[in-house]
Structures are given as structure tokens and as C-alpha cells.
Amino acid sequence: MTTLFADDAVVMPPNRPPVVGRAAILEWASAYDTPTFDIRPDRFRGRDGLAYNSGIYEVWFGPPMPRPRPVVVAGSFVLVLEKQRDDSWLFVEGIWTSEELVPGEGSAAE
């Protein structure tokens, strides 16, 4: 997964400080069980060597299927890609939100 990120990439997970650099992203990601992703992009635009992709996602953490109690995280994301000198595209910025409520915030309907 981290080979998709530029050396100086930045990811901004919900409720966490930014993680800067491919090596730090690898270290951060390795702290989690291997997740299963369902990524549903709904927009992809770009120009002049930069592109972005946004949409919604779900991630399941835990033992392989069938899971007795998977941890499911869902939300929205924006990923920014930059064209490299070899004409490949790597992620340079990534930010995502979680649909989980912040403790004490209540629901949107309240």
C-alpha cells in the first residue's frame, strides 16, 4: 500500500495528527490489522500534473471473514495525486473523515 505514496506524502486520519512521509505512513499503517476496504470514488478530476479523487469508504478491521465482531469505520475521503517524472501517479495528500460521532456531540438530528 505505501508504495502508492510519494516519499513526502501526508495523510490526515480522523482524530489523529498528520502522518508525514512514506516511512511514517508505513509505520502508522502497520499498527493495524490488515483491513478490508470498500472504496467508492464519486469524483476524479485533475490537470497539470495534479489530480484528486473523492468519495466514500468503509473499512473492516479484524479477523478474516466470517468475522465475529468486525470493527467497521465509514466516512468520506479526498486523495490528491501528483504525476511523477516517470509518468506514474503517487498519492501526495490524503484526508478522510469518520461518520462516528465525537463523544458528547450527540446526533445531527438532535
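Structure values in brief
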| item | result |
| --- | --- |
| Subset of the range 15-62 [among the aromatic types (Phe, Trp, Tyr) and within 21 Å of Lys83 (Cα to Cα)] | Phe44, Tyr52 |
| Top-ranked residue in the range 1-34 [being assigned to a helix (DSSP H, G or I) and hydrophobic (A, V, I, L, M, F, W, C); ranked as modelled with the lowest pLDDT] | Ala29 |
| Condition met for Gly106 (over 21 Å from Thr3 (Cα atoms), surrounded by 12 or more Cβ atoms within 10 Å (Cβ to Cβ) and at pLDDT below 65) | no |
| Filtered residues of the range 26-53 (kept if of a type in the set (Gly, Ala, Ser) and either touching a Pro at 6+ places or on another chain (Cβ under 7 Å) or surrounded by 12 or more Cβ atoms within 10 Å (Cβ to Cβ) (or both)) | Ala29, Gly46, Ala51 |
| Members of the range 1-17 found to be more than 12 Å from the chain's Cα centre (by Cα) and either of a type outside the set (A, V, I, L, M) or within 20 Å of Val72 (Cα to Cα) (or both), listed by number | Thr3, Asp7, Asp8, Asn15, Arg16, Pro17 |
| Selection from the range 13-25 of residues that are free of Cβ contacts under 8 Å to residues at least 40 places away in the same chain, within 20 Å of Tyr57 (Cβ to Cβ) and loosely packed, with under 15 Cβ neighbours inside 10 Å | Arg16, Pro18 |
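Yes or no, residue by residue, for (1) touching a helix residue (DSSP H, G or I) at 6+ places or on another chain (Cβ under 8 Å); (2) modelled with pLDDT of 90 or more; (3) in a loop (DSSP other than H, G, I, E, B):
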| site | (1), (2), (3) |
| --- | --- |
| Gly55 | no, yes, no |
| Val59 | no, no, no |
| Pro66 | no, no, yes |
| Val72 | no, no, no |
| Gly75 | no, yes, no |
| Leu81 | no, yes, no |
| Asp86 | no, yes, yes |
| Glu99 | no, no, yes |
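The values are calculated or read from the model by the stated rules, or taken from the named source; none is laboratory data. All of these numbers come straight from a predicted model, not from anything done at the bench. Cβ coordinates were reconstructed from backbone atoms using ideal geometry, including for glycine residues, and neighbour counts include every protein chain displayed.
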